[in-house]
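Asks: Before I ask anything, let me first share the structure, which is written out below as structure tokens.
The values are calculated or read from the model by the stated rules, or taken from the named source; none is laboratory data. All of these numbers come straight from a predicted model, not from anything done at the bench. Cβ: placed from backbone, ideal geometry, glycine included. Neighbour counts: every protein chain shown.
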Amino acid sequence: MENSNVLTVSDILSPDDITHSFDTHSDGPSGKLPLTAEILVDQPSGNHFGMSQNAGMGWNPQELLRKHFLILSTSGGLRDQDGSPVALGLHTGHYELALQVEAASKELKRLRTIPFSLYCSDPCDGRTQGTTGMMDSLPYRNDAAQVFRRQARSLPTAKGILGIASCDKGLPAMMMALAGLRNLPIVALPGGSTLAVKDGEDTGMIQSIGARFAQGEVTLDYAQDVGCRACASPGGGCHFLGTAGTSQVIAESLGIAITHSALCPSGTEAWKDVARRSARALVFCESNGLTSRSVFTDSAFTNAMIVHAACGGSTNLLLHLPAIAHAAGRKRMMLEDWNHVNKETPRIVDVLPNGPVGYPTSELYAAGGVPEVMLQLRRMGLLDTSVSTVTGQTLGENLDWWEQSERRTKVRSRLKKENGVDPDDIIMNPDRAKAKGLTSTVTFPSGNLAPQGSVIKSTAIDPTVVDKDGVYRNTGLARVFNTEKEAITAIKSTDESQRLKAGEILILRCGGPLGTGMEEVYQITAALKHLSYGKRIALITDARFSGVSTGACIGHVGPEALAGGPIGRVREGDLIEILIDTKNLEGTINLVGTGDTNRGVDWGSSTLAQR
């Protein structure tokens, strides 16, 4: 074929000449299976045939009685030997994971075990924003968790499971699967983060480029340029602490990933070394009888919630962490638990998207990452350091090692020397964090629009719209939309009669579990963050948010509109009042009137009940 873009029937039906001759039989592998009379009599036929399969795939028959370990991953795409793409994945987060699988497999082989590798690739929430693909995002998590567990059960001889994943739904699914394999040794290997672009826009900001172009705030040439460079390296989850990055932090803070493994820059030698040492940890856990049940404890989950609050993590973990706890057979955390943790735990990490500076996750890793955060939390007396971890040590012992380690000294010193960044400006003590204006992470507003509550990452509200007493106050007219498409059209519109304007409150409904599968609406929140006037528009929705969402965005409103919730009875032009106390983590969202007339909360409650 001279031009592969012009195909004929002959191109499809006429094979190359070389294919006319092919073998139909083979001698098979040389050697003998290490079968014994006991194996043949006492073990199921599946074990016998498994040996035949293993020899057929090329493993040395003399080694087939070695212990079996299974590596599960979300790897996607296909790389050539030089790293160039043969087939793309759906995102950088899983595109390089095969390299970690390879590094871990070689280490398991070196340790005289037999590694197996299986995959269940994951979608990209960024790629499906604003499309019907987003409706499959949250359901994928549950489906993939089931697939991973079924894959693990499909190797009955497995002595342990290494789970490698990086991104928004793949890693929570992997943790759910590992939690459910209660009697097996398990280790989670976070897939790392992509490198930050040296000169351009981060992978969160770039997702608002369409709205900014539509409003004349950027040129077409600018959009083409920065759009090309935003994903600055081929592997790793996005370089902000969104749901992918937060999930990696959670894996390590639970104790199911080795120390200083979350957020490691993808493709680096350090990242491959983490894979090798994670493989060693799995073998160690198996040798010492340390199982999933031993690590996934109630105290470990509480520790993870505390680290989430300290880092300013994604609100999606309020959905994922209870699901992981349920899979582990542990107590599921409720709203009251999250509220208590966030009121007790200060945010001490400055990382994208929260600010005030907003360092990328690669620099958070260089500043010491999760163990450095946990050192600060231990000094505050917030953590249970007696919990077991997959290193074979308690959390306290891991932190003792980290505090005195050469690695800690070197990575933090290198960050300061080569990047000019003080690691203590990224991971701070509580006094320094307070002086820089950091507030605790999450608030759960209620009111006549959310009788069952809602959630906002209050620490990420733009400080310029927060009053000096730390309270965000906004009373504005409702602009009501039943679909995300309608809302983004209004945001991009240049028609003054249709365009969303500063001071208005965007009501986006029918996006809960009964509607669109609790979709993310990041194309909306990204636009509101990065449009010049967007910080003066609030959002109330029964949908959920991307972990990179910031601003006065209130989600998870309950009951949702399609369950009869009052958000479904809000009308265009209603007067909405929002109060969010970012210091005391209290908040309300209420209908208080119509037009310019404020009739109060009681009137709003009565009116909603009658509509």
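Asks: Considering only strands (runs of 3 or more DSSP E) fully contained in the range 512-611, which possess at least 1 residues that are assigned by TED's automatic domain parsing to the domain that holds T132?
Replies: Values: elements: 538-541, 553-558, 574-581, 586-594.
The strands (runs of 3 or more DSSP E) meeting that bar number zero.
Asks: Also, I was wondering about something else. Specify the residue that is surrounded by the fewest Cβ atoms within 10 Å (Cβ to Cβ); the eligible residues are those in the range 420-448 that are more than 21 Å from P360 (Cβ to Cβ) and either under 26 Å from the mean Cα position of the chain (by Cα) or in the same structural domain as A367 (by TED's automatic domain parsing) (or both). Please lay out each step first, then the result.
Replies: Initial filter on the range 420-448 (more than 21 Å from P360 (Cβ to Cβ)): 429-431, 434-435, 439-440, 442-448.
With either under 26 Å from the mean Cα position of the chain (by Cα) or in the same structural domain as A367 (by TED's automatic domain parsing) (or both) added as a condition, the list becomes 429-430, 439-440, 442-445.
Details: N429: 15, P430: 17, T439: 24, S440: 21, V442: 24, T443: 26, F444: 21, P445: 24.
For the range 420-448, the residue satisfying everything is N429.
Asks: Please find, within the range 138-173, the residue that is farthest from M518 (Cα to Cα) out of those that are among the polar types (S, T, N, Q) and surrounded by fewer than 24 Cβ atoms within 10 Å (Cβ to Cβ). It would help to see each step written out before you state the result.
Replies: The initial filter retains those residues of the range 138-173 that are among the polar types (S, T, N, Q), namely 142, 146, 151, 154, 157, 166.
Still in the running and surrounded by fewer than 24 Cβ atoms within 10 Å (Cβ to Cβ): 142, 146, 151, 154, 157.
On the way: N142: 13, Q146: 20, Q151: 27, S154: 32, T157: 38 Å.
Ranking the candidates gives T157 first.
Asks: Tell me, please, whether a residue that is surrounded by 21 or more Cβ atoms within 10 Å (Cβ to Cβ), touching a His at 6+ places or on another chain (Cβ under 6 Å) and on the phi < 0 side of the Ramachandran plot can be found in the range 123-132.
Replies: Of the range 123-132, the ones surrounded by 21 or more Cβ atoms within 10 Å (Cβ to Cβ) are 123-126, 129.
From the residues that got through so far, the ones that are touching a His at 6+ places or on another chain (Cβ under 6 Å) too are 124.
Filter once more, keeping what is on the phi < 0 side of the Ramachandran plot: 124.
Among the residues of the range 123-132, at least one is surrounded by 21 or more Cβ atoms within 10 Å (Cβ to Cβ), touching a His at 6+ places or on another chain (Cβ under 6 Å) and on the phi < 0 side of the Ramachandran plot, which makes the answer yes.
Asks: OK, next. Of all residues in the range 424-478, which are farther than 18 Å from V341 by Cα and among the aliphatic types (A, V, I, L, M)?
Replies: I426, I427, M428, A435, L449, A450, I461, V465, V466, V471, L477, A478
Here is a yes/no grid of residues against (1) closer than 25 Å to F213 by Cα; (2) surrounded by 24 or more Cβ atoms within 10 Å (Cβ to Cβ):
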residue: T494; (1), (2): yes, no
residue: R499; (1), (2): yes, no
residue: L508; (1), (2): yes, yes
residue: G517; (1), (2): no, no
residue: T525; (1), (2): yes, yes
residue: L531; (1), (2): yes, no
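Asks: Just to be sure I understand the filter: pairs with C-beta atoms under 8 Å, separated by 6 or more residues or on different chains, first member in the range 32-56 and part of a helix (DSSP H, G or I), second member hydroxyl-bearing (S, T, Y) and modelled with pLDDT of 95 or more. Which pairs pass?
Replies: The qualifying pairs are N47/T157; G50/T157.
Asks: Looking at (1) within 26 Å of L375 (Cα to Cα); (2) surrounded by 24 or more Cβ atoms within 10 Å (Cβ to Cβ), which is the one condition that is false for A328?
Replies: Here A328 clears every test but (1).
Asks: Pick out the one residue from G210, G133 that is at pLDDT below 95, within 30 Å of I491 (Cβ to Cβ) and not in a loop (DSSP other than H, G, I, E, B).
Replies: G133
Asks: Go through the range 65-89 and give me each residue that's in a loop (DSSP other than H, G, I, E, B), surrounded by fewer than 20 Cβ atoms within 10 Å (Cβ to Cβ) and of a type outside the set (G, A, S).
Replies: L65, R66, K67, D80, Q81, D82, L88 - these are the residues of the range 65-89 that are in a loop (DSSP other than H, G, I, E, B), surrounded by fewer than 20 Cβ atoms within 10 Å (Cβ to Cβ) and of a type outside the set (G, A, S).
Asks: Now a separate question. Between residues in the range 281-305 that are closer than 29 Å to K343 by Cα and outside the structural domain of D337 (by TED's automatic domain parsing) and residues that are modelled with pLDDT of 95 or more and of a type in the set (K, R), which pairs lie under 8 Å by C-beta distance while being six or more apart or on different chains?
Replies: Going by the 8 Å Cβ cut-off, there are no qualifying pairs.
Asks: When you go through (1) modelled with pLDDT under 95; (2) part of a helix (DSSP H, G or I) one by one for D202, which number turns out not to apply?
Replies: Only one criterion is unmet by D202, namely (2).
Asks: Keeping to the range 365-404, report how many residues are polar (S, T, N, Q) and either loosely packed, with under 15 Cβ neighbours inside 10 Å or not assigned by TED's automatic domain parsing to the domain that holds P265 (or both). If you could, list the steps in order and put the result at the bottom.
Replies: In the first step, residues of the range 365-404 are kept if they are polar (S, T, N, Q); the result is 376, 385-386, 388-389, 391, 393-394, 398, 404.
Within this subset, residues satisfying the condition of being either loosely packed, with under 15 Cβ neighbours inside 10 Å or not assigned by TED's automatic domain parsing to the domain that holds P265 (or both) are 386, 404.
Selection size over the range 365-404: 2.
Asks: Which numbered condition in (1) closer than 23 Å to I524 by Cβ; (2) touching a Leu at 6+ places or on another chain (Cβ under 9 Å); (3) among the hydroxyl-bearing types (S, T, Y) is the only one that Y119 fails?
Replies: Just one mismatch for Y119, condition (1).
Asks: Only one residue in P85, P61, P115, P123 is outside the structural domain of V283 (by TED's automatic domain parsing) and modelled with pLDDT of 95 or more, so which one is that?
Replies: Numbers: P85 fails: outside the structural domain of V283 (by TED's automatic domain parsing); P115 fails: outside the structural domain of V283 (by TED's automatic domain parsing); P123 fails: outside the structural domain of V283 (by TED's automatic domain parsing).
Just one listed residue meets the conditions, P61.
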